[in-house]
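First up is the structure itself, then whatever we jot down about it.
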Amino acid sequence: MTYDNVYAFGMYCAIVVVLIAIVYVIRKKSGLKSEKYDERQKIIQGIGYKYGFFAMLISSLAYGLMMGGFDIPIHPAVGITACAFLGVGVFAGYCIWKDAYFGISGNDKKTIILMVLVVIVNVLSVVSHIMADTLIEDGVLGISAMNALCALLFLAMLVVIVAKRWKISKADVRSKEEDE
C-alpha cells in the first residue's frame, strides 16, 4: 500500500469513528431514540434513495470513463468520494425539500448545529492545508481535498434547509394575507 492509500483509509476510518461517536454521545446525553417517520416520509425517502443511487452511479461511471480517457489531476480517492458525496447530497436535498429528512418530532436544531460544526471544522482544515501548501501535491488535487468535499456537502444541505424554510415562511405570510 502506498502512503496515499494508507492516508485515505485512515481518513475514512477516522470519519466513521467520529460520526459514530458523535451520534452515540448525542443520543446518550439527550435520551433520544431513533427518529420516527410517517408513511409519507418513508415513501419520499425511498424515492430519495433511488435518486441518490442513480446520481452516484452515473457520476461514478462518468468519473471512471474520464479517468480512462483523460489525465485528470485529481487523486482517485477524492474522485470516488466526490461521486459518493454527490449521491448523498441528492438524497439529502430531495428529502429535505420534501420534508422527509427530519422525523415527525420536528427536532432538527441539534442536527443543524452539528451540520454547521462539520462545515466549520472542515473549512478550517481546508484553510490549514492551503496555508501549508498541501492541498495540491505535484499538480494533483490531493487527499486533503476530501475536507473541502465534506464541507461542500454539508453546506449544500444547509442551503437547502434555509431555502425550504424561506419558502415555508413565504407561504405562511401569503396564507395570512389571504385570511385577512
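Bear in mind these aren't lab numbers, they're just calculated from the coordinates by the rules spelled out. Just so you know, these numbers come straight off a predicted model, no measurement behind them. Reconstructed Cβ throughout: ideal geometry from the backbone, glycine too, with neighbour counts over all protein chains shown.
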Just to be sure I understand: with springs between alpha-carbon atoms less than 10 Å apart, which residue in VAL18, VAL116, VAL160 has the highest mean-square fluctuation in the Gaussian network model of the chain? VAL18
Between LEU124 and ILE136, the two model label points (7 Å from Cα along the beta-carbon direction) sit apart by a distance in nm of 2.7
DSSP loop chymotrypsin sites (Phe, Trp or Tyr not before Pro) in the range 68-163 with at most 10 other Cβ atoms within 10 Å of their Cβ, which ones? PHE70
The answer for the chain, counting only DSSP H helices whose Cα atoms cover 30 angstrom or more along the axis and whose Kyte-Doolittle average is 0.5 or greater, is 3-30, 76-97, 109-131, 146-179
Run the numbers on the range 3-179 and let me know its relative contact order in percent, using alpha-carbon pairs under 8 Å that are six or more apart. 25
How big, on average over all directions, is the shadow cast by the Cα convex hull of the range 47-133, in nm²? 7.2
What value, in deg cm²/dmol to 500, does the helix sum -39500 (n - 2.57) over DSSP H runs of n ≥ 4 give at 222 nm once divided by the residues of the chain? -27500 deg cm²/dmol
Everything considered on the Cα gyration tensor (a ≥ b ≥ c; rounded for a/c under 1.5, else prolate if a/b is larger than b/c, else oblate), the chain must be described as prolate
Residue farthest toward the positive end of the dipole of the range 3-179, with Cβ of Lys/Arg at +1 and Asp/Glu at -1: which of ALA77, MET146, VAL17? VAL17
